[in-house]
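Structure, as structure tokens:
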Amino acid sequence: MANVDVNKPVENPVLVQLFEERKNVQAGDEKQLQLMNNICRYIANDGLFLAVLKAPGKDSTKSYELITATTGDKYLPVYTDLENLKKHPMHQKAYVHTGILTIEHMSAMIEHVAGVVINPFSHNFVVQKDLLEHMMKTKKQMNLTLQETEVDHDTQVKLGDPKNYPQEMTDAISEYAKTNPDINAIYLRLMKREDEISFLLVVDYTGDRGSIFEGIARAAQKYMPVNMYLNLVSYEEPFGKDAATNEPFYKK
């Protein structure tokens, strides 16, 4: 969950910039898909949003202001910052009571609404209930799967190279690796195990396995596509040596 500091103004400049970039991409192309992944990842991992309270001091779904779409569905409007909140015609001048929400808060509220709309009077980014649930589920799974992987001889695994190379992720991992002299090399493969597809990192290292793997996972997390997982294995294990048949993307 993103850290909430009520003494600091809520601002999301990275997300606002992503929304602005969204205006200039073609629907359905690869750049648009990557942009959507970046937006969803930011909302899940770093987003803090303002919501207007109808009744100050209460913290329930019914206490937050809702808006009604032309279809009759109700949505929870949230705002990246005060500037975008003030674009609401009813809140341009009058003081409003607000609460600060994360994806965890919004996920707990969607039983009563069709979804969430971010900056409805400017960027109008709609997050339907099923997408919000998927983002929350994926976030929980990512937190569980950013760890080392062991594969036994009875497990059917297919390895390949990613078609859409995660350059930002490997760059971030490489920057971390440069700070850790115990990391010798890191290899990237695409791994399919049963119905799960994930990135596999084979790490050639000396020193403490736990701290190295944790450091790599933390570096990668912000750049992981929403629908992907990350697994790590040591190069010294038989599976690691078998998997590392390509060139490492990082080498000391």
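The values are calculated or read from the model by the stated rules, or taken from the named source; none is laboratory data. These figures come from a predicted structure and were not determined experimentally. Methodologically, a virtual Cβ is constructed for each residue, glycine included, from the backbone with ideal geometry; neighbour enumeration extends over all protein chains shown.
Screening residue 222 with (1) of a type in the set (D, E, K, R); (2) at pLDDT 90 or above; (3) in contact with a helix residue (DSSP H, G or I) (Cβ under 9 Å, 6 or more places away or on another chain) gives one miss only, at (2).
Yes or no: residue 113 buried (at least 16 other Cβ atoms within 10 Å of the Cβ), within 16 Å of residue 130 (Cβ to Cβ) and over 22 Å from the mean Cα position of the chain (by Cα)? Even if it seems obvious, please write down each step before you answer.
Numbers: buried (at least 16 other Cβ atoms within 10 Å of the Cβ): yes; within 16 Å of residue 130 (Cβ to Cβ): yes; over 22 Å from the mean Cα position of the chain (by Cα): yes.
Judged against the criteria, residue 113 is a match.
Entry remark, segment 83-109: residues being within 26 Å of residue 17 (Cβ to Cβ) and either buried (at least 17 other Cβ atoms within 10 Å of the Cβ) or in contact with a strand residue (DSSP E or B) (Cβ under 7 Å, 6 or more places away or on another chain) (or both) number 14 in total.
Checking each residue in segment 12-27 for being modelled with pLDDT of 85 or more, surrounded by fewer than 16 Cβ atoms within 10 Å (Cβ to Cβ) and not in a helix (DSSP H, G or I) picks out 23, 24. All conditions but one from (1) hydroxyl-bearing (Ser, Thr, Tyr); (2) more than 20 Å from the chain's Cα centre (by Cα); (3) at pLDDT below 90 apply to residue 70; the one that does not is (3).
Based on what the data block shows, is residue 9 in a loop (DSSP other than H, G, I, E, B), farther than 30 Å from residue 221 by Cβ, modelled with pLDDT under 90 and touching a helix residue (DSSP H, G or I) at 6+ places or on another chain (Cβ under 9 Å)?
Numbers: in a loop (DSSP other than H, G, I, E, B): yes; farther than 30 Å from residue 221 by Cβ: no; modelled with pLDDT under 90: yes; touching a helix residue (DSSP H, G or I) at 6+ places or on another chain (Cβ under 9 Å): yes.
No; evaluated as a whole, the condition is false for this residue.
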